[in-house]
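The values are calculated or read from the model by the stated rules, or taken from the named source; none is laboratory data. Keep in mind it's a predicted model, so treat the numbers as computed, not measured. No Cβ is skipped: glycine too gets one built from the backbone with ideal geometry, and neighbour counts run over all protein chains shown.
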Amino acid sequence: EPEVTQTPSHQVTQMGQEVILRCVPISNHLYFYWYRQILGQKVEFLVSFYNNEISEKSEIFDDQFSVERPDGSNFTLKIRSTKLEDSAMYFCASGAQDSYGYTFGSGTRLTVV
Amino acid sequence: AQSVTQPDIHITVSEGASLELRCNYSYGATPYLFWYVQSPGQGLQLLLKYFSGDTLVQGIKGFEAEFKRSQSSFNLRKPSVHWSDAAEYFCAVGAGKDSSYKLIFGSGTRLLVRP
């Protein structure tokens, strides 16, 4: 069964550093998403991406965040200057046209120290 | 505003017993509804989804859910729980249009299974 692949599975970074979280969506999917889950809290929507542009973003997704699809296979989330409160599990997801559902990756646990 | 409420933070059932996890949503239009399961340290796996049609939907691992518009509910059920079902369960509503929509999750219900 096709999978959404996220790397790395765990990343530790110092406050103020830039991080890039990487995702390889399912190959024929067109819609891409990032979500995050702070430990013990609910899963929160960050951003959706379609046709090489952001479709929607949440209040969390401020100027410190950006997304990019640099080639035909990768989808990245960049945090420019990490804060302690950015520590969370970040999930990538992708969906096909008219699929009525999308697939999540296993997540990247980001720890900011 | 759209929201999802899962009233039970924890539920403990005995192996072999039946299970019902509650979910209530608030959404102006006909909702897309989902249940996801998350095992410790793992990602989110889709159990089932409702978009339209039959209000009783079947999912993987023997789970089913029933959409009740009058009660704004989408409760998850399983007739006989297995120890491997112990996990966190999230109800979600899809907000958006066409094939692009965001998911709004509830806070989750942690299921514990007694041997």
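With respect to the stated conditions, B:Ser80 is of a type in the set (Ser, Thr, Tyr), away from chain A (no Cβ under 11 Å) and part of a loop (DSSP other than H, G, I, E, B). Report yes if B:Ser100 is free of Cβ contacts under 8 Å to residues at least 60 places away in the same chain and within 14 Å of chain A (Cβ to nearest Cβ), otherwise no. Answer is yes for this residue. Give the residue that is farthest from B:Ile104 (Cα to Cα), with candidates limited to residues of segment A:19-43 that are surrounded by 19 or more Cβ atoms within 10 Å (Cβ to Cβ) and within 8 Å of chain B (Cβ to nearest Cβ). The qualifying residue farthest from B:Ile104 (Cα to Cα) is A:Tyr31. Taking A:Asp71, is it farther than 18 Å from B:Tyr101 by Cβ, of a type in the set (D, E, K, R) and surrounded by fewer than 16 Cβ atoms within 10 Å (Cβ to Cβ)? Against the criterion (farther than 18 Å from B:Tyr101 by Cβ, of a type in the set (D, E, K, R) and surrounded by fewer than 16 Cβ atoms within 10 Å (Cβ to Cβ)), A:Asp71 qualifies. Taking the listed residues B:Ile60, B:Ile104, the one that is surrounded by fewer than 15 Cβ atoms within 10 Å (Cβ to Cβ) and β-branched (Val, Ile, Thr) is B:Ile60, with no other qualifying. Count of segment B:1-46 residues, restricted to those that are within 14 Å of chain A (Cβ to nearest Cβ), small (Gly, Ala, Ser) and without any contact (Cβ under 8 Å) to a residue 40 or more places away in the chain, is 3. Residues in segment A:82-100 that are more than 19 Å from A:Gly72 (Cα to Cα), surrounded by 17 or more Cβ atoms within 10 Å (Cβ to Cβ) and within 7 Å of chain B (Cβ to nearest Cβ): A:Phe91 only. Just one of the listed residues (A:Gln6, A:Gln14) is at the interface with chain B (Cβ under 9 Å from one of its Cβ atoms) and farther than 21 Å from B:Ala92 by Cα, namely A:Gln6. Would you check if there is a residue in segment B:31-54 being among the β-branched types (Val, Ile, Thr) and more than 11 Å from the chain's Cα centre (by Cα)? No: zero hits. Could you grab me the full set of residues in segment B:53-97 that are of a type in the set (S, T, N, Q) and in contact (Cβ under 8 Å) with a residue 60 or more places away in the chain? Hit for segment B:53-97 is B:Ser80, nothing else. Being small (Gly, Ala, Ser), closer than 24 Å to A:Glu1 by Cβ and outside any loop (DSSP other than H, G, I, E, B) holds for only one residue in A:Ser73, A:Ser48, A:Ser66, A:Ser55, and it is A:Ser48. Among the residues making up segment A:69-84, those that are of a type in the set (D, E, K, R) and modelled with pLDDT of 95 or more are A:Lys78, A:Arg80, A:Lys83.
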